[in-house]
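To start, the structure itself, in structure tokens.
The values are calculated or read from the model by the stated rules, or taken from the named source; none is laboratory data. Just so it is clear, the structure is predicted and the values come from calculations on it, not from any experiment. Don't worry about glycine lacking a Cβ; one is built from the backbone with ideal geometry, like all the others, and counts go over all protein chains shown. To get the accessible areas, we keep the full protein, side chains included, count just its heavy atoms, and leave off ligands, DNA and RNA. Shrake-Rupley method; radii C 1.70, N 1.55, O 1.52, S 1.80 Å.
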Amino acid sequence: MPELPEITGLRAFLDDKLRGSVVDSVRITSFAVLKTADPPYSALEGKTVTGVARHGKFLDLDVEGLHFVFHLAKAGWLRYTESPSSKPLRPGSGPIAARLSFSVPARDGQPATHVGFDLTEAGTRKSLAVYVVRDPSEVPGIAGLGPDPLDPGFTQDVLDGIIEGSSQQIKGLLRNQSVIAGIGNAYSDEILHAARISPFAIAKSLDEDERSRIFTAVEQVLGEAVAAASGKPPELLKDAKRGGMRVHGRAGQACPVCGDTVREVSFADRALQYCPTCQTNGKILADRRTSRFLK
């Protein structure tokens, strides 16, 4: 699942490529992906893209005051092309859920051209979502977002208030979008590893030093990941994400900090990874419901 750093990279890439372009066509091939009906998506056609914004894990194309907003969810992705196809798409015939094409005017000494992107989704569980709205706050997932950790206003005091008031396990708290926007399963693993905190620790039980370590890890982990994603086209962002991971997705491998074996706890639809030596005083977290090792 793309998280805040990858979405930040996509935002910058799309803003650079699409700002000032005209929407030629919008085709929705999976109508389950479209969550709004008014205004119709055809209202975007013929209008100019005035910018691309990010709201948590949502991307937002501002098209003269109308907003094409999408969330890539667990298995969605964006495929950008500078040779868009005019071949008709058959609804439900493949992984493509939506296709947009644009006319880019001549600029910076470059001739006018056409570009486009597809929104795709792999697997059978479909949760990619597209909205066409007049205001991004009309999207329920955006309206309910917590503070953004890349915002200058996200301070130690803000994080302390979030942690001190919660009885959740810290892992779940960090990935709760209504609490903090943009951090998901992967980067919450990485943040907790960098902070040397058990994923099962109860948030309000953490002391001042532990909260400080989490804040530092949020800044460091996300900052490094955003830097790694900067300037990369969409097709390289997934590899950049995987290459920067120390524990997430690396169960059975050696922890790069201490050399212990990275462990995994599996759930119904996801898994978390952690280092016992770095995070749980060597204890193995066997199961979310029965483990008593919280520090």
Unique match (being out of contact with any strand residue (DSSP E or B) (no Cβ under 7 Å at 6 or more places or on another chain) and of a type outside the set (S, T, Y)) among A251, A271, A225, A201: A225
Tell me yes or no: at least one residue of the range 213-232 is at pLDDT below 95 and more than 24 Å from P147 (Cβ to Cβ). yes
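Would you pick out the residues in the range 181-216 that are open to solvent by 30 Å² or more (accessible area, probe 1.4 Å) and among the aliphatic types (A, V, I, L, M)? Before the answer, list the steps.
Initial filter on the range 181-216 (open to solvent by 30 Å² or more (accessible area, probe 1.4 Å)): 194, 196, 202, 204-205, 207-209, 212-213, 216.
Selection gives A194, I202.
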If a residue counts only when it is in contact with a helix residue (DSSP H, G or I) (Cβ under 8 Å, 6 or more places away or on another chain) and open to solvent by 30 Å² or more (accessible area, probe 1.4 Å), which strands (runs of 3 or more DSSP E) contained entirely in the range 51-126 have at least 2 such residues? 76-81
Limited to the range 169-220, what total is found for residues that are outside any helix (DSSP H, G or I), farther than 17 Å from L272 by Cα and more than 17 Å from the chain's Cα centre (by Cα)? 2
Does the range 168-178 hold any residues that are open to solvent by 20 Å² or more (accessible area, probe 1.4 Å) and in contact with a helix residue (DSSP H, G or I) (Cβ under 6 Å, 6 or more places away or on another chain), and which are they? Q168, R175
One residue from G184, G144, G165, G123 being at positive phi and touching a residue at least 24 places away in the same chain (Cβ under 8 Å): G123
Note on D157: of the conditions (1) over 19 Å from F70 (Cα atoms); (2) of a type in the set (D, E); (3) in contact (Cβ under 8 Å) with a residue 12 or more places away in the chain, unmet is (3)
Scan the range 8-23 residue by residue and report those that are part of a helix (DSSP H, G or I) and open to solvent by 50 Å² or more (accessible area, probe 1.4 Å). R11, D16, K17
Residue check, L150 against (1) part of a helix (DSSP H, G or I); (2) farther than 24 Å from A75 by Cβ, all met but one. Which one? (1)
